[in-house]
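The structure under discussion appears below in the form of structure tokens.
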Amino acid sequence: MGPAGVTARPGRFFGVYLLYCLNPRYRGRVYVGFTVNPARRVQQHNGGRKKGGAWRTSGRGPWEMVLVVHGFPSAVAALRFEWAWQHPHASRRLAHVGPRLRGETAFTFHLRVLAHMLRAPPWARLPLTLRWLRPDLRQDLCLPPPPHVPLAFGPPPPQAPAPRRRAGPFDDAEPEPDQGDPGACCSLCAQTIQDEEGPLCCPNPGCWLRAHVICLAEEFLREEPGQLLPLEGQCPSCEKSLLWGDLIWLCQMDTEKEVEDSELEEAHWTDLLET
């Protein structure tokens, strides 16, 4: 899937980025970090610690954000990816990735680690996007990304707004079913959906599918019985193709309390370790 096929997926932006140092004194150094706003985050790094940047990048700029991997279903998932990318030697899922080779630049080494991460569980089954923010610095990965991980270029597209339920008394259209209704039933097993379960709903207009997470996962995994996490599947109701990650994002948007983006970055645990 090429850049032309990349569209903004619903949900909040959680990305893990790679910085490249342009300072002649430190040129070639890299830094891996987590962000919810790439443009703002690179400004913070170049502004130093007083502007919210990390200790390891402060006073060593200018830095360029070369690429960002995004599409994580949650901040926790992105932070785990970030940690493994920073510490491949300590991650049991990357034990097969050798150490940095003699003569291998830090930039090339981190790209090699990334190539293996995109094909290693559990990341290999996430609906991620590999986005090059500096196409002129692009290098082909030693292993191509999985087919469902698109390659994109340029800044991330605007986030798609969260779908709003039609619930007004003056709406002419038929109102959508209330997902929080304690009497709502799963479209697949016909059992009651409890409030805390957060049903998965098909985002396609006119489709009223609501299902337990487990029920829909089992439906999607009929063709892959040995897997635990689906990649994509066909909606049992409207029969349109759905990405599992998109469904999880939509569910979280309806059930999770919003956290300010700035708090996520300013309270980043890796920065606390550097103080």
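The values are calculated or read from the model by the stated rules, or taken from the named source; none is laboratory data. What you are looking at is a predicted structure, and each value in this text was computed from that prediction instead of being measured. So basically every Cβ, Gly included, is an ideal-geometry build from the backbone, and we count neighbours across all protein chains shown. Side chains are part of the model used for accessible areas, which takes the heavy atoms of the whole protein and leaves out ligands, DNA and RNA. Shrake-Rupley method; radii C 1.70, N 1.55, O 1.52, S 1.80 Å.
Taking only the C-alpha atoms of segment 25-94, Rg followed by Dmax gives 12.9, 38 Å.
Normalized C-alpha radius of gyration of segment 66-129, against 2.2 N^0.38 Å?
Cα-based Rg divided by the globular estimate yields 1.09.
Between Leu137 and Gln227, what FRET efficiency follows from the Cβ-Cβ distance if R0 is 35 Å, with the result rounded to 0.05?
Numbers: r = 35 Å, r/R0 = 1.00.
So, using R0 = 35 Å, E works out to roughly 0.50.
Radius of gyration over Kirkwood radius for segment 106-152, both on Cα atoms: the Rg/Rh ratio is 0.95.
Ordered from largest to smallest accessible area (heavy atoms of protein chains, 1.4 Å probe), the residues Lys50, Lys240 come out as Lys50, Lys240.
Spacing of the modelled spin labels on Glu218 and Ser241, each 7 Å from Cα toward Cβ, amounts to 2.6 nm.
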